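Below you'll find the structure I mean.
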Amino acid sequence: MPPPADIVKVAIEWPGAYPKLMEIDQKKPLSAIIKEVCDGWSLANHEYFALQHADSSNFYITEKNRNEIKNGTILRLTTSPAQNAQQLHERIQSSSMDAKLEALKDLASLSRDVTFAQEFINLDGISLLTQMVESGTERYQKLQKIMKPCFGDMLSFTLTAFVELMDHGIVSWDTFSVAFIKKIASFVNKSAMDISILQRSLAILESMVLNSHDLYQKVAQEITIGQLIPHLQGSDQEIQTYTIAVINALFLKAPDERRQVDVESNIDILDCPLTEMANILAQKQLRSIILTHVIRAQRAINNEMAHQLYVLQVLTFNLLEDRMMTKMDPQDQAQRDIIFELRRIAFDAESEPNNSSGSMEKRKSMYTRDYKKLGFINHVNPAMDFTQTPPGMLALDNMLYFAKHHQDAYIRIVLENSSREDKHECPFGRSSIELTKMLCEILKVGELPGETCNDFHPMFFTHDRSFEEFFCICIQLLNKTWKEMRATSEDFNKVRWIWARGVCCHQRGLLRGPSAVAVGKVEE
């Protein structure tokens, strides 16, 4: 006959004694079970004891999680969380460096358990740790030269315990002082710092930024790109991962008005505060450092690094959202001039004198003819083609980039299609608008990064204008697909669907061609 479902058979350990095999009745209060165990070993004051998993987690058994105990589990009788917290709270304040170090080591391990963490936090333990961080470096500055390993370990365990305690979400991040933030930032800004201290300091800064608007402002004032770049150039992938995570966090929380920085400006990004991120992420120096020292390093990229690169990729693309959602104003002369420039490049209109002797009607007729050749839907007023969002003005930006930076390919596509029979021409304007919209959908422009996604593409780190270059590749592939299918204007949606499906199905292969994006063209 099988045992009752509420009965669990376990082994319980106690230092210096043989393990005790017993059956736990899950219907009994946990305190009664602990008393029974203590009585078996003749231990008084059972309220000072608790049960704990004997595996590497060392998590306490509570009324909330006791149902997770399985048959054959090995438990340990140990000091209760409240007693343990009280003892550690006293031990980490010991005047003995060795005793303090051992206490902090134990605290760093036990703080992973939320039951212990709650008890330690109730003793104002977080404040004690922050005070130790703020004053510890000065207090032991004289001892640091002769006790550097001990001092480094002590600070590392202190920061580890702090990170573990804060990860439980019990204490608000808004409670920390400027002095504490400055101290943590100083560990990141120092050129030579213990790896474990640096890693935990970066983790703390990331959490501060993500969990508090006020702390974002204060952290951003303490950190610059120049202070973070050396950590990207090192060989420790974990440090690189946390460094990119800090950059991502600050960029994600930056107010919109502080995200836009002119790529062509003379700002020195090494001295630029992270409150002015934006297009800095696309500038060559930071991008090339990540490409060289992270993506192309001679080691495999782990999942966490891949996730942070994916987040950085998404945030960079999200800079395009404003243009993607901006409609063209048909009355804006500067915007209309972009369309004139597309026409000029395609048909060499600059050779025409500005004071053309032709009548206004003749010039309008000529413009209408050329706009039709360019593949606009509205031949008379092509500005109307860019009033739909998405893709809005982003489509026009892509077209102008293609025309200016890949002029030969642009002219070839326009002239090829203008010389075909009307029914077989691939309209460049309409195709560009639809293509830009599809790329925004595929690359999820404007969407927040997924918490578990790590699908980054090295191609997008190989060029300062990767989205535009990707468009240039795709518009040529789309035109090639059109020709191979011998499509007609009635087939436009069919070609678009087939091409988009191909991109989605083979996205990884298409996007992982860094050489293609570097030169900005696809060989036919």
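The values are calculated or read from the model by the stated rules, or taken from the named source; none is laboratory data. Keep in mind the model is a prediction, meaning the values are calculated, not measured. Neighbour counts run over all protein chains shown; Cβ positions are idealised from the backbone, glycine included. Heavy atoms of the whole protein, side chains included, go into the accessibility calculation; ligands, DNA and RNA do not. Shrake-Rupley method; radii C 1.70, N 1.55, O 1.52, S 1.80 Å.
From the backbone phi of segment 215-229, what are the Karplus-calculated ³J(HN,Hα) couplings (6.51 cos²θ - 1.76 cosθ + 1.60, θ = phi - 60°) in whole Hz, Gly and Pro given as x?
5, 4, 4, 6, 5, 4, 7, 9, 10, 10, 4, x, 7, 8, 4
Provide the solvent-accessible area of Lys483, counting protein heavy atoms only and rolling a 1.4 Å probe, rounded to the nearest 10 Å².
It works out to around 80 Å².
Under the rule of at least 5 residues apart or a separate chain, name every residue whose amide H is placed under 5 Å from the amide H of Thr224.
For Thr224, no residues qualify.
Highest mean first, how do 226-237, 5-16 rank when packing is the count of other Cβ atoms within 10 Å averaged over residues?
Working: 226-237: 15.6, 5-16: 14.1.
So the peptides 226-237, 5-16, ranked by packing, come out 226-237, 5-16.
To continue, here is another question. Pick out, in residue order, every one of the chymotrypsin sites (Phe, Trp or Tyr not before Pro) in segment 1-100 that is DSSP loop and has at most 15 other C-beta atoms within 10 Å; say none if there are none. Display every interim value, and only then the final one.
On the way: sites: Trp41, Tyr48, Phe49, Phe59, Tyr60; in loops: Trp41, Phe59.
Filter output for segment 1-100: Trp41.
While we're looking at this one, here's another question. How large is the accessible surface per residue of segment 403-494, computed with a 1.4 Å probe and reported in Å² as a whole number? If you can, show how the numbers build up before the last one.
Details: 4140 Å² over 92 residues.
Spelled out: the 1.4 Å probe surface of segment 403-494, per residue, equals 45 Å².
Let me ask you something else. Calculate one ³J(HN,Hα) per residue across segment 95-101 by plugging θ = phi - 60° into the Karplus curve 6.51 cos²θ - 1.76 cosθ + 1.60, and present them in order as whole Hz with x for glycine and proline.
Whole-Hz 3J(HN,Hα) from phi for segment 95-101: 7, 7, 4, 5, 5, 4, 4.
log10 I(q)/I(0), Debye, Cα-only segment 81-140, no solvent, q = 0.16, 0.18, 0.25, 0.28 Å⁻¹?
-0.46, -0.59, -1.08, -1.27
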